[in-house]
Structures are given as C-alpha cells and as structure tokens.
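Read through the structure below, which is laid out as structure tokens, and then see the notes.
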Amino acid sequence: MRRKFYHKGLVKKLIPVFLALTFFFTTPINSLAKDVSDLNIVTYEGRDFNKYALSQKTIKWLKWYNSLPAESQQMINYVPSDLQMSISLKSSVPLLYESEPLTYETDSLMISSLLPVGGGEPVYNPAYWNDSTRIKKANCYVYSMDVICTTDRKLQPGELSGKIFNTLTGEDIISAAIADGPFLGDGRVITSTTADEVPADNQYKVALVIAPDQDYHWYVQNSDGNWSHKRGWTEATNVDANGDLITDPQTCNREYEYIDYHIWCGYYMVTRL
C-alpha cells in the first residue's frame, strides 16, 4: 500500500517537471524550424524566392547583386530568367517608338573621324529618356533598340519572343534579341556587322559587352556619330566610365565601380522594318 501511494505521489511531482521540459525543448525546435525555413528564402527586389527553385548560378548572382548598394542595383540590366515573373509579356509589355523624335543636322566634319553613320541612327535625346515618367521604362536593351516599355521593367532579350537566353554569353543574348525582332516596335532585324560598315538609311549600329556572371550591356550609335547607353534604370548618357564622350564602345572605358564589362561581343546592325 505504501509503495502504491509512493508511486502516485511521485507521478504528481513529476508532471510539472515533464511539462516544463516539454516547453523547454519544443519551443527552440519550433524556432529552429522557422530559422531553417528562412534560410531557404532568397530575396530579389522585395520578392521572396525558394532558393531550391533557383539555379546555383542565379543564387550566386543574387548574393552578388544583394551585396551592391541600392543605387548600384538600379544600374544592372540583367535579370536571371528564373527570377522573372510568369506573365504574358507580349500583351502586358508592349513597346512603343519614341514619341517625340528630334531633328538633327549632320556635321560631316564633326563625325568624319568617328565610325560611319548612314542617317537612320536615333538622335541622342537624354531629356526624353531621363524624364521621371520614363526612366524606369527602359534598360540598356530597350534603349539600344530605340523602343520603350509601357510599364516599369528591365526587359530581357528573348522575353517578347518567349526565347529568353539561358546563359550570360554574347551568343545566347544575341540569339534572344534576334528572336525578339518582330516584336520590337514595328520590327527589327539584328545582324552582325563591323565597325566600318556604313548603315543604310533605315539602319544603325549597336554593340554588346558583358561582365562575366554579373551583367550585360548594350551601346547604340547616335546620329551625331557618338555612342550612348543607359545603365539599367539610370540616366541615358553618352560618356564612358571616365566621363569621356564615347566615340567607339570597343575602346571606351567600361570599368565601373563594382562591375567591369570587359568582354567584347561585337558590333551589330539594327534594321528598322
């Protein structure tokens, strides 16, 4: 009898201890589970992604991108394909021609020492592109194709055609841009060219460069013979990393803080249809 009473009393004494131990151990475990879950989440432009749904290259790129200051992030053109929103781009991101073209009188003496022009080059018009209502409607790709998005977007080569590039290489990016041709404004045909080829009156030159594993960048020749570019969502400009006028994108300074576009991918001719 006494032993039975002893066991009952022991159980009553142990119940609070058991409850305390249960609380002690389960609370950290639940918290740990949440911490582990959080470790599986990566962020891009305020959106969360499960890292296991992304490629290792994208995760590596995100680590670099998120290490940049906010103002430098605005200058990046590239968005990995697995980070992009799944939307119908051809209907939601139509492109428009520049609505306020400028006239330009060619000074043959001024451009005689520059790469040849043919008369179809877009006019350098930073006031249009840098307007607060438009500055985020074009990155370097859109700018070089002389079109503009109707919404804020860093449009990627191949998005409009559904054939977006998979690797950050000149070959893949050019192939994707060529596929976009029919959807760029009234249509564009993109072909390889040389520095000295003279464009027809419905053509102009662009150039592509790459910062390996980080970003791509396009330049466009303007009607004055110089070249200009637009880094991501920042202002269009006709000067290089040194602040010098760009007379040839192949020889200009392309090394910026945090990024160096040292891979040259060539000149390309854009033909307006």
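Quick note: the coordinates plus some simple rules give every number you see, no bench work behind them. As the structure is a prediction and not an experimental result, all values here were calculated from the model. FYI the Cβ positions are ideal-geometry reconstructions off the backbone, even for glycines, and counts take in every protein chain you see.
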Item to check | Thr151-Val123 FRET efficiency (beta carbon distance; Förster radius 22 Å; 0.05 resolution) | outcome: 0.35
Next on the checklist: Suppose the chain between Ser175 and Asn253 were pulled fully straight at 0.36 nm per residue; how much longer would it get relative to their current alpha carbon spacing?
Outcome noted: 25.5 nm
Checklist entry - How would you order 168-179, 240-251 from highest to lowest mean count of nearby Cβ atoms within 10 Å? => result 168-179, 240-251
Checklist entry - Sequence-distant or interchain residues sharing an amide H contact under 5 Å with Tyr267, placed H: which? => result Thr193
Item to check | Most to least packed among 46-55, 149-158 [average Cβ atoms within 10 Å] | outcome: 149-158, 46-55
Checklist outcome for this item: If amide H atoms are modeled at 1.01 Å from N in the peptide plane, then the residues at a separation of 5 or more from Tyr124, or on another chain, having amide H under 5 Å from its own are Ser223, Asp224
Checklist entry - Short version: ³J(HN,Hα) in whole Hz for each residue of the range 184-192, in order, from phi by Karplus 6.51 cos²θ - 1.76 cosθ + 1.60 (θ = phi - 60°), x for Gly and Pro, what are they? => result 8, x, 7, x, 9, 10, 10, 9, 5
Next on the checklist: I need the shape label for the range 161-231. Rule: rounded when a/c is under 1.5, else prolate if a/b > b/c, else oblate, with a, b, c from the alpha carbon gyration tensor.
Outcome noted: oblate
Item to check | Linear extension gain, Thr167 paired with Asp196, 0.36 nm per residue minus alpha-carbon span | outcome: 7.5 nm
Checklist entry - Sorted by packing (mean other beta-carbon atoms within 10 Å per residue), highest first, where do 128-140, 186-198, 223-235 land? => result 223-235, 128-140, 186-198
